[in-house]
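Step one of this worksheet: look at the structure below.
We did not get these values from a lab; they are worked out from the coordinates using the rules stated. The structure displayed is predicted, hence computed values, not measured ones. Neighbour counts are summed over all protein chains in view; Cβ atoms, including those assigned to glycine, are modelled from backbone coordinates with ideal geometry.
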């Protein structure tokens, strides 16, 4: 019997409420330059502290030891889906990041406008980094001319500067394919190929990409400098078991940035639109409290300032979050979790593999007798260091959603 | 996708330097008799302490919970090879321990001289524990008479007292076989059989062992008391993926004892010969610094005194090691790890399953704010308690050798 089957079998129908607050890139490392404190340790967090005293803590490995996850694997792991089993291609992530509404089976490609010479040789892979407005104009042009390739619907959406995405929506399509990108100047755009030569759906998709090029290149032929384009990360949105089926909880997402809404949507979470600040997200949570069982609330700024290497700003972002917390706490869910999707240490100015701290509060969590919620404290919490994919299972356990296994 | 495939895919070519120092059997347990201190806790270790403040710590499970490893599985685990997947037979370990240069596919047997009666019945399984000199004389005799069996080369090397090893080097040979040993006196030596009756290479090997007996017993017929021999642990050296391919790091071994050199050689590490003391090992490391990317430095005495149950001597061995450390620290690698291959608690006078402490220092390790490197401190380190096979993956992560996984 698989572990997932066991969890399913033991799951009881309850009317419990769950809140998962993700401070993106929350985890950090203590360095001498930072006086051996992480931003979370340096921040004044009276509200988190109060919860910490009544909580269990630990640290979570996002994917596997030493692996630094992007936002996709980071969040899929948090949602309890093994990021190795459910891989989401770059094209899909980019499309989600641009706010496109995807469906399972949609094949997405990230694309760049590029400059080609008369022989079709790529002379500039980014078409001189054309301004976003030019990109939008060219995408509008392509969209007006190409709505379908055969029976397959084509959706094109502009990104920043030379970047855009293309979504193919039809039946029997699959990725991943090789890139339509020579990866350097001086070569023609290679034809895409199935990653698995025996996969007929990938073959069909490769033909579609070739046909898309045949249709699109003439449309751009007279443009300067963007008379061509490259396509990469061509893959389909995988079929991911729905969150509601997996956990018997109706989930909703309160995120501001499109990519996180998109990742939530991948597993079937409802997207609650509107709120722009953490205060607004918390207020909206109060209003929606009766409509869902599981709330994923995403806070971006910890990651953003970690990426900037801005310790003071990351600390301040945590303090701002903490200051808003009393709004959320007006409605007390059965299980309340605060964590990150990964670490983004200021010292590294980027995502990292360091396990992120996690705090679980419920009537059944017990107290680890920790006065605060910090990386160092979490090291000696009762949850230990564990794979992130088990976190929602622990939430379910804390809500007493599991029957006893065996007599 | 397998985890190993993911690590490979994400590995970046770097010019980073890695040092793994293994204090054999370092881990220990605190008992009342030891005033609740381990040797590591009781030892004065100013140099390790200084590094501890700038490091991450944790504890490592060598093979699986409760499993006490020998040196073979202990080191294979440290080198990142699952000791369950890559099993190295006793014959191979013994041959490596005697300093024989093995090649993949070599079949090795550990052997004992024994006493047989006129009917071939074993009357003494150890031939009265003949002195080592007699063993060497008999091995020289056998070696001079038997250089080949058919096309297969035969190498024989004496060990201590009645012990020796036999290596068969040829094509299409494989173990493991059953033992040519009745395991008690009063029985004849049983013919060896393939462990897998359908394996033709094992069948061929079993025939070779029978032929070896036919050739060797007459040579010994007139010897007293060692007129026969038993063979056990007959197995081939497995094909193990090379360390350099697995990690993209050129490895070298600085060990004094042959078995550890042999284990390093199994995974393709270069053996640096010469140094006899830890000071000499560290000095040599400084000289070889530019020639390799990964240095495995092995220190034996912690294990030796643990096996003796000699707390004071194990503590002193740690202090001697610490006193030598400043030599090593003249060259600062990108990643520096201190650990053991397993625990050898003085109170148990032998190897044990207790997770060994590990300390990882790098620019990206962060500090766990621990003032010392000890078993008890490591319990609250950020690395948690994890399988030893992930340690080098964490070293690679600390050297920023992995690309981000997913967008």
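With both partners inside chain A, how many of the DSSP beta bridges are antiparallel, as a percent to the nearest 5? About 65 percent, rounded to the nearest 5.
Quick one: work out Rg over Rh on the C-alpha atoms of the range A:64-117, Rh as Kirkwood radius.
Radius of gyration over Kirkwood radius for the range A:64-117 works out to 1.08.
With 10 Å bins beginning at zero, the pair-distance distribution over Cα atoms of the range A:95-229 amounts to 13, 44, 37, 7, 0 %. Modelled label positions at residue B:273 and residue B:312, each set 7 Å beyond Cα in the direction of Cβ, lie 3.9 nm from each other. The GNM of chain B, with springs linking C-alpha atoms under 10 angstrom apart, assigns the highest mean-square fluctuation among B:55, B:365, B:144 to B:144.
A straight line joining the Cα centroids of the range B:82-97 and the range A:333-360 runs 41 Å. Per the Debye calculation on the protein assembly as shown with a single equal scatterer at every Cα and no solvent contribution, log₁₀ I(q)/I(0) for q = 0.08, 0.10 Å⁻¹ amounts to -0.83, -1.13.
Take each residue of peptide A:29-35, count the partner chain Cβ atoms within 10 Å of its Cβ, and average: the result is 4.
Subtract the Cα-Cα distance of residue A:390 and residue A:289 from 0.36 nm times their separation in residues, and report this length gain in nm to one decimal.
33.9 nm is the gain from fully extending residue A:390 to residue A:289.
Each copy carries a label point for residue A:120 at 7 Å from Cα along the beta-carbon vector; from one copy to the others these points are 7.7 nm apart, nearest first. With chain A treated as a Gaussian network of Cα nodes joined by springs under 10 Å, which of A:33, A:265, A:356 yields the largest mean-square fluctuation? Sorting by GNM fluctuation, first place goes to A:33. A crude spin-label estimate for the pair residue A:330 and residue A:5, with each label 7 Å from Cα along the Cβ direction, gives 4.7 nm.
FRET efficiency for the residue A:32 to residue B:101 pair, using the beta carbon distance and R₀ = 30 Å, is estimated at 0.05.
Compared with the dominant Cα axis of chain B, that is its longest principal axis, helix B:132-145 is turned about 60°. Highest mean first, the peptides B:101-111, B:204-214 sorted by other C-beta atoms within 10 Å per residue fall in the order B:101-111, B:204-214. Counting Cα-Cα pairs of the range B:1-115 in 10 Å increments starting at 0 gives whole-percent bin shares of 9, 26, 32, 24, 9, 1. Convex hull of alpha carbon positions in the range A:179-290: directionally averaged projected area 11.4 nm².
Of all DSSP-defined beta bridges confined to the protein assembly as shown, some 65% are antiparallel rather than parallel.
With the helix formula -39500 (n - 2.57) applied to DSSP H stretches of n ≥ 4, chain A reaches a computed 222 nm mean residue ellipticity of -9500 deg cm²/dmol.
For residue B:35, inter-copy separations between label points set 7 Å beyond Cα along the Cβ vector come to 3.7 nm, shortest first. Normalised by the number of residues in chain A, the average gap of Cα pairs under 8 Å and 6 or more apart makes the relative contact order 34 percent. Axis-proximal residue of chain B for the rotation onto chain A, reported as residue and distance in whole Å: B:380, 2, based on Cβ position. With Cα atoms defining each centre, the range A:387-407 and the range B:37-74 are spaced 33 Å apart in the structure. From least to most packed, judged by other beta carbons within 10 angstrom and beginning with the fewest, B:368, A:368, A:320 follow the order A:320, A:368, B:368. Averaging Cα coordinates gives a centre for the range A:261-292 and one for the range B:187-242; these two points are 71 Å apart. In the frame of its principal axes, the range A:295-344 has Cα extents of 35, 21, 10 Å, reported largest first.
Convert 25 °C to kelvin, take the viscosity as 0.890 mPa s, use the Kirkwood radius over C-alpha pairs of chain B as Rh, and evaluate the Stokes-Einstein diffusion coefficient in µm²/s, rounded to a whole number. It comes out at roughly 108 µm²/s. Rank B:216, B:140, B:118 by mean-square fluctuation in a GNM of chain B with C-alpha springs under 10 angstrom and give only the top-ranked residue. Greatest mean-square fluctuation among the candidates belongs to B:118. Based on the reciprocal of the average 1/r between different C-alpha atoms, the Kirkwood radius for the range A:306-407 equals 15.5 Å. The long axis of helix B:278-288 is offset from the longest Cα principal axis of chain B by roughly 80 degrees. With label points defined 7 Å past Cα in the direction of Cβ, position residue A:141 shows copy-to-copy spacings of 9.5 nm, given to one decimal and shortest first.
In this simple spin-label approximation, residue A:203 and residue A:405 carry label points 7 Å from Cα along the Cα→Cβ vector, and these lie 4.4 nm apart.
So what is the relative contact order of the range A:92-236, in percent, for Cα pairs below 8 Å that sit 6 or more residues apart?
33 percent
Taking the C-alpha atoms only, the angle from helix A:311-328 to the longest principal axis of chain A is near 60 degrees.
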